[in-house]
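Novice: Structure incoming, see below.
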Amino acid sequence: GVTVTGFRANSACRLADAIHADAIVAYSVSGDSARTVAAHRPSEPLYAVSPFEPTLHTLNFSWSVQPCRIEMDNSGHLESAEKFIDTSPLFQRGAAVIITAGQKRSGQSQEDPLETIGTNVIKVVKK
């Protein structure tokens, strides 16, 4: 069936193609978000950002995913992804980047059929 994560990933890839984005950035705690985006085979570079080393190590084996470590901080997933884009030399000034991030509410079950009922974001940012 359709999942929120799958729909968000597909939408991010379609949006990236439609606006000729320079890249897609997926904030990923477990790696699932980045792997789901990669499964849609985006033509743009896909950067998975995470503060978790085990997640980054497993993403090394995912098609087209470029894992990037970020520092753990108290900001949300979206803010962390925006900070990565702003500070990374991977993106030139004026680059259009799609961010996709999902953040569960605390205490939410993994078996929840609607998955990430908290924050589900696709955002276009320009560096």
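The values are calculated or read from the model by the stated rules, or taken from the named source; none is laboratory data. Just so it is clear, the model here is predicted, and its values are computed rather than measured. Positions of Cβ are generated from backbone atoms using ideal geometry, with glycine treated the same way; all protein chains shown enter the neighbour counts. These area figures cover heavy atoms from the full protein model, side chains too; ligands, DNA and RNA do not enter into them. Shrake-Rupley method; radii C 1.70, N 1.55, O 1.52, S 1.80 Å.
Novice: Taking the Cα-to-Cβ direction at residue 79 and at residue 63 and moving 7 Å from each Cα, how far apart do the two end points lie in nm?
Specialist: 3.6 nm
Novice: At a 1.4 Å probe radius, which order do 7, 84 fall into by accessible area, largest first?
Specialist: Sorted by accessible area, descending: 7, 84.
Novice: Something else about it: Quote the Stokes-Einstein diffusion coefficient, in whole µm² s⁻¹, for region 1-111, based on the Kirkwood radius over alpha carbon pairs, a temperature of 25 °C and a viscosity of 0.890 mPa s.
Specialist: D, rounded to a whole number, is 174 µm²/s.
Novice: Using alpha carbons only, what's the Rg to Rh ratio of region 17-76 with Rh from Kirkwood?
Specialist: Ratio of gyration radius to Kirkwood radius for region 17-76: 0.98.
Novice: Here's another thing I want to ask about it. Would you list 82, 53, 71, 44 from the most to the least accessible area, probe 1.4 Å?
Specialist: Descending accessible area places them as 71, 53, 82, 44.
Novice: Continuing with the same structure: Just the number, please: percent antiparallel of the DSSP beta bridges in the chain, rounded to the nearest 5.
Specialist: Taking every DSSP beta bridge within the chain, about 40 percent pair in antiparallel fashion.
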